[in-house]
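A.B. asks: Mind looking over this structure? Questions follow.
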Amino acid sequence: MLTHASDQSMKNKITIHLASPRGFCAGVDRAIEIVKKSLEKFGAPIYVRHEIVHNKHVVESLRKKGAIFVDELSEIEDGCRPVVFSAHGVSKSVLEDADIKQIEYIDATCPLVSKVHKEAEQLCKHNYHILLIGHKNHPEVIGTMGQLSNGATDLIETREDAKNYINKKKGKLSYITQTTLSVDDANEIIQILKNKFPDIKEPKKDDICYATTNRQLAVKKIANKCEMFFVIGSRNSSNSKRLVESAKKSGCSKSQLLYSTNAIPIKEILKCRNIGISSGASAPEVLVKEFIDKIKEKADIEIDEIEFAKENIVFKIPNKLI
């Protein structure tokens, strides 16, 4: 008769290579804290324009505490209640609309996104036409382009866009980037622009944020050891999707985004000896733990956590919430 012990001994042995750093970055931590502090100070409900960060788990937990998520200010039913603007940043027209409607707002824009906004304004003041490298319709891109008047910025999404770009006004050119891009893809586009426009002005400091860069480099370090690689994050999270791309480019063709509604491919996982795990900058660590626990039910696991960089950056919350 088979015993429980012999069942255990027959379990697959899987090494989980865990990328570090992973998960929440300082900008996400700050944005979530701003919503929590706003609820403490003003009481429920408060409004939040767009998802505070791109993660359903986070959004649902804040909704339970009393946050009401809206797409536009026009959806706010009680103008006496404050609204929080998401970590991705907003156009100036949104701030102006809040002022006209006399709605109190708390801006949770990531300071690294705000840096790009200020950069764009300064370039425009010095008569530079701006090329924004980023993804169309991403909230951060909408917010950044919305810092300036129409026509002041052109969006460059792909290498082809860069190759085909024509400087119609014949004036000075500069470029800035979305903070959550693939470092490799962005560098390729930048190089094309530099080759085509040798005098193009570049940012004093890279616009792609430290957290995006660190997470991509950590994934690259371990992906080629893995038969499968999983990035825990939302489908609309730019930085999470870039991590999947990084894993694929670094040698793990079976890399995928694991979001809340899709099934864990446990049968495929059990055929592996080595899998990799990371998580997007807006994915809480509890989701990583839950995923590992699911694998643990079916296999003997060994955790190999590989730390690429230590992160100790903290962004302050607005004074009005202290």
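A.B. asks: Only one of these is surrounded by 13 or more Cβ atoms within 10 Å (Cβ to Cβ) and farther than 28 Å from Gln178 by Cβ: Ile16, Ile100. Name it.
C.D. replies: The unique qualifying residue is Ile16.
A.B. asks: Still on this structure, please answer the following. Tell me which residues, restricted to region 269-322, are aliphatic (A, V, I, L, M), more than 25 Å from the chain's Cα centre (by Cα) and surrounded by 15 or more Cβ atoms within 10 Å (Cβ to Cβ).
C.D. replies: Across region 269-322, the qualifying residues are Ile269, Ile295, Ala299, Ile301.
A.B. asks: Follow-up. Taking the options Ile166, Ile106, Ile142, name whichever one is assigned to a loop (DSSP other than H, G, I, E, B) and of a type in the set (A, V, I, L, M).
C.D. replies: One residue alone meets the criteria, Ile166.
A.B. asks: May I pose another question? Go through region 192-246 and report how many residues are in contact (Cβ under 8 Å) with a residue 40 or more places away in the chain, more than 27 Å from Ser114 (Cα to Cα), surrounded by fewer than 20 Cβ atoms within 10 Å (Cβ to Cβ) and touching a Lys or Arg at 6+ places or on another chain (Cβ under 8 Å).
C.D. replies: 1
A.B. asks: As an exercise: evaluate Ile266 against (1) surrounded by fewer than 19 Cβ atoms within 10 Å (Cβ to Cβ); (2) of a type in the set (Val, Ile, Thr); (3) not assigned by TED's automatic domain parsing to the domain that holds Leu287 and give the number of the one condition it does not meet.
C.D. replies: (3)
A.B. asks: Now for a different question. When you go through Leu62, Leu112, Leu39 one by one, which is the residue that is touching a residue at least 12 places away in the same chain (Cβ under 8 Å), part of a helix (DSSP H, G or I) and either charged (D, E, K, R) or over 30 Å from Leu258 (Cα atoms) (or both)?
C.D. replies: Leu39
A.B. asks: Out of everything in region 183-225 that is assigned to a loop (DSSP other than H, G, I, E, B) and of a type in the set (A, V, I, L, M), what residue ends up being farthest from His17 (Cα to Cα)?
C.D. replies: In this case the residue turns out to be Ile200.
A.B. asks: Scanning for something over 25 Å from Tyr175 (Cβ atoms) and either of a type in the set (A, V, I, L, M, F, W, C) or modelled with pLDDT under 95 (or both), does region 204-215 turn up at least one residue?
C.D. replies: Checked against the condition, which is being over 25 Å from Tyr175 (Cβ atoms) and either of a type in the set (A, V, I, L, M, F, W, C) or modelled with pLDDT under 95 (or both), region 204-215 yields no hits at all.
A.B. asks: Restricting the first residue to region 165-183 and requiring it to be closer than 20 Å to Asn236 by Cβ, which pairs with a second residue that is assigned to a strand (DSSP E or B) meet a Cβ separation below 7 Å and a spacing of at least six or different chains?
C.D. replies: Thr177/Ile133; Gln178/Ile133; Leu181/Ile133
A.B. asks: Scan Glu119, Glu160 and give me the residue that is farther than 30 Å from Asp29 by Cβ and either not in a helix (DSSP H, G or I) or not aromatic (Phe, Trp, Tyr) (or both).
C.D. replies: Of the residues listed, the single one that is farther than 30 Å from Asp29 by Cβ and either not in a helix (DSSP H, G or I) or not aromatic (Phe, Trp, Tyr) (or both) is Glu160.
The values are calculated or read from the model by the stated rules, or taken from the named source; none is laboratory data. No experiment lies behind these values; they were computed from the predicted model shown. Every residue, glycine among them, receives a Cβ derived from its backbone with ideal geometry; neighbour counts consider all protein chains shown.
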